[in-house]
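J.: I have a structure here, written as structure tokens, and I will follow up with some questions on it.
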Amino acid sequence: MKTIGVGVLGCGNISDIYLTNLTTVFPYAHVEAVCDLDGAKAKAQAEKYGIKKILTLDEMLADPEIQ
């Protein structure tokens, strides 16, 4: 099964639901990166869900691994 690279913009409270579903329920989605204006929130979510990239919005939009 081919996977889709996903970037999550916004790492507030609701992001837990999105990230949980994207990392456990949807086998075709792979979270490539997270982004938030608050770098500490992005870092915390990246660590919690094993996401390797913390990007700015412009970096996320330009990342070829994110569809």
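J.: Could you tell me whether Leu9 is open to solvent by 90 Å² or more (accessible area, probe 1.4 Å), among the aliphatic types (A, V, I, L, M), more than 19 Å from Gln67 (Cα to Cα) and at pLDDT 95 or above?
T.: Taking the combined requirement at face value, the residue does not satisfy it.
J.: Answer with yes or no whether Ile66 is among the aliphatic types (A, V, I, L, M), in contact with a helix residue (DSSP H, G or I) (Cβ under 9 Å, 6 or more places away or on another chain) and open to solvent by 60 Å² or more (accessible area, probe 1.4 Å).
T.: no
J.: If the Cβ limit is 6 Å and pairs must be 6+ apart or interchain, which residue in region 45-61 that is crowded, with 17+ Cβ neighbours inside 10 Å pairs with which residue that is at pLDDT below 95?
T.: Sorted first by the residue in region 45-61, then by its partner, the pairs are Tyr49/Thr23.
J.: If I filter region 22-37 down to residues being more than 9 Å from the chain's Cα centre (by Cα) and closer than 15 Å to Gly50 by Cβ, which single residue comes out as most open to solvent (accessible area, probe 1.4 Å)?
T.: That would be Thr24.
The values are calculated or read from the model by the stated rules, or taken from the named source; none is laboratory data. From a predicted model like this one, the values you see are computed outputs, not experimental measurements. Please note: Cβ atoms are built from the backbone with ideal geometry, for glycine as well, and neighbour counts cover all protein chains shown. Heads up: the accessible areas ignore ligands, DNA and RNA and are worked out on the full protein's heavy atoms, side chains in. Shrake-Rupley method; radii C 1.70, N 1.55, O 1.52, S 1.80 Å.
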